[in-house]
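The values are calculated or read from the model by the stated rules, or taken from the named source; none is laboratory data. This structure is a prediction, so every number in the text was calculated from the model and none was measured. Glycine also receives a Cβ, built like all others from the backbone with ideal geometry; neighbour counts cover every protein chain displayed. Note: accessible area is taken over every heavy atom of the protein model, side chains too, but ligands, DNA and RNA are not part of it. Shrake-Rupley method; radii C 1.70, N 1.55, O 1.52, S 1.80 Å.
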Amino acid sequence: MAQKTYAPATVVVHGNHVHNDFGALSTPIFQTSTFVFDSAEQGGRRFAGQESGFIYSRLGNPTTSQLEQKIALLEGGEDCTAFSSGMGAISATLLSLLSCGDHLVADKTLYGCTFALIHETLPRFGIHADCIDMTDMAQVKAAIRPDTKVVYFEAIANPSMKVTDIAAVADYAHAQNPDCIVIVDNTFATPLLVQPLKLGADVVVHSATKYLNGHGDVVAGFSVARKEIMDKIRMIGLKDITGAVLGPQEAFLILRGLKTLKVHMDAVCANTQKVVDFLAGSKYVQKVFYPGLENHPDHTVATREMTRFGGVVSFEMGSFEEAKKVLNHVHLCALAVSLGDCETLIQHPASMTHSMCTKAAGFSDRLIRLAVGLEDPDDIIADLQQAFEAAQN
């Protein structure tokens, strides 16, 4: 199959599928820890890197390999490594590319555990980070130095929903240091909405727990880059540092989920736009954060870089207490901390996913994050409306 000639909707179904010996249409689950060699010589060649082939499932597995090839294809990258969680992907990527004394520039608004990794763990290893607002190019130019090794940010920031100009940041970082590695977390957007590598980024990371799986039953992550970078991340970050290996059963489930990714994203983006329109017109909501809104400060950048604006919206209520009451009165929306599921999920970042970094990340405790699902949008809206009304008492 000449993959590059096909649209994303076709790639998520067919990808880089390799037919197996038994003609199974779906990629089989190779539930094995180790692989048998034809000879001692073959085993030696594989360990020496002189011959391709599987050795041990911590180092590669046929089911997982099929998944990695499909994700690399979707992101427009040469290679991909799968991990047992999104944080496994992020940690392995950063720890593979940074050493003691290195300088990192990161956005100040990040997923809570990524924030903790950069602010609390990396400094223990002598890695210094400057955290700024990446949407402000003046701050970007002040922070990135000729010795900056890595620049890190999210394509759509969690949970503030700001959108960084990937091309502008990547161009400036590479102008200052051609060897600087620009890493973009593309979890919220998926490669169907934005492809950071084509905009100049060097590495893309994902929490595949979210849209790429799409059914809320797998925890996984990916890192995608050119082969030179990915070899380092796989052989150092995965093999030696984290050991965060994705199992073949989970890889199989994500391969299955990917087949409906285009349908899922089309539906969830359409649903979200209807919910956003409702929120923007609600007398109970103080402010709505969604890049598809024309009054969003990064709407122009989002329109230029993205095909659609995603399935997550954040909004502020009048007070912290009111926000909590809304969460306690929803019925259809599930009070849970994830996104990308078939169900609509709602949560309070300041006390949950971002409790360690609310003030530093620049959002208030009145903020609610809503990850819109596949239900009828009128039912989602009705549930929010009754929760808003109940929160007034």
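If you roll a 1.4 angstrom probe over the protein chains with everything in place, what fraction of the accessible area of the chain belongs to carbon and sulfur, to the nearest %? Don't jump to the answer; show the numbers that get you there.
On the way: 8570 of 16350 Å².
Carbon and sulfur together cover 52 percent of it.
Can you return the aspartates and glutamates within cross-link range of Lys325? Criterion is Cα-Cα under 16 Å, with same-chain partners fewer than 8 residues away left out.
Glu316, Asp365, Asp383, Glu389
Please provide three numbers in whole Å: the alpha-carbon extents of the stretch 42-154 along the principal axes, with the largest listed first.
On the principal axes, the stretch 42-154 reaches 53, 30, 26 Å in Cα extent.
Per-residue counts of other Cβ atoms within 10 Å, averaged by peptide: what ranking do you get for 113-123, 72-82, highest first?
Ranked from most to least packed, the peptides come out as 72-82, 113-123.
Return a whole-number percent for the relative contact order of the stretch 220-331, with Cα pairs under 8 Å and 6 or more residues apart as the contact set.
That works out to 21 percent.
Would you mind calculating the relative contact order of the stretch 168-249 from Cα pairs under 8 angstrom and at least 6 residues apart, reporting the percent as a whole number?
Working: 83 pairs, mean separation 16.8, N = 82.
The normalised contact order for the stretch 168-249 reaches 20 percent.
Which order do you get for Ser52, Ser85 if you rank them by accessible area with a 1.4 Å probe, largest at the top?
The most accessible residue leads, giving Ser52, Ser85.
Under 1.5 on a/c is rounded, so check that first for the stretch 20-103, then, if it is not, pick prolate when a/b is larger than b/c and oblate when it is not; a ≥ b ≥ c are the square roots of the alpha carbon gyration tensor eigenvalues.
oblate
Towards the positive end of the charge dipole of the chain, with charges on Cβ (+1 Lys, Arg; -1 Asp, Glu), say which of Ser96, Asn328, Gln286 has the farthest Cα.
Farthest towards the positive pole: Ser96.
I'd like the FRET efficiency for Met137 and Cys100, computed as 1/(1 + (r/R0)^6) with the beta carbon distance as r and R0 of 45 Å, rounded to 0.05.
0.90
When the helices in the chain are scored as -39500 (n - 2.57) per DSSP H run of 4 or longer and the sum is shared across all residues, what 222 nm value do you end up with, to the nearest 500 deg cm²/dmol?
-10000 deg cm²/dmol
Compute the Kirkwood hydrodynamic radius of the stretch 276-367, taking the inverse of the mean of 1/r over all pairs of distinct Cα atoms, and give it in Å to one decimal.
Taking the inverse mean of 1/r over all distinct Cα pairs, the stretch 276-367 comes out at 14.3 Å.
Can you work out the accessible area per residue across the chain, with the rest of the protein chains kept in place, probe 1.4 Å, in square angstrom?
Counting only protein heavy atoms, the per-residue value for the chain is 42 Å².
Taking Cα pairs under 8 Å and at least six residues apart, what relative contact order does the chain come out at, in percent?
17
I'd like the Karplus ³J(HN,Hα) series for the stretch 264-271: coefficients 6.51, -1.76, 1.60, θ = phi - 60°, whole numbers in Hz, and an x wherever there's a Gly or Pro.
Result, ordered by residue: 4, 5, 4, 5, 6, 5, 5, 4 Hz.
Roughly how much of Tyr111 is accessible, in Å² to the nearest 10, using a 1.4 Å probe?
80
Once you put a point 7 Å from the Cα of Asn177 and another 7 Å from the Cα of Lys287, both along the Cβ direction, what distance in nm separates them?
Here the answer is 3.3 nm between the modelled labels.
If you take the Cα Rg of the chain and divide it by 2.2 N^0.38 Å, with N the number of residues, what do you get?
1.00
How many angstrom lie between the Cα centre of the stretch 324-342 and the Cα centre of the stretch 89-139?
Measuring centre to centre over Cα atoms gives 30 Å.
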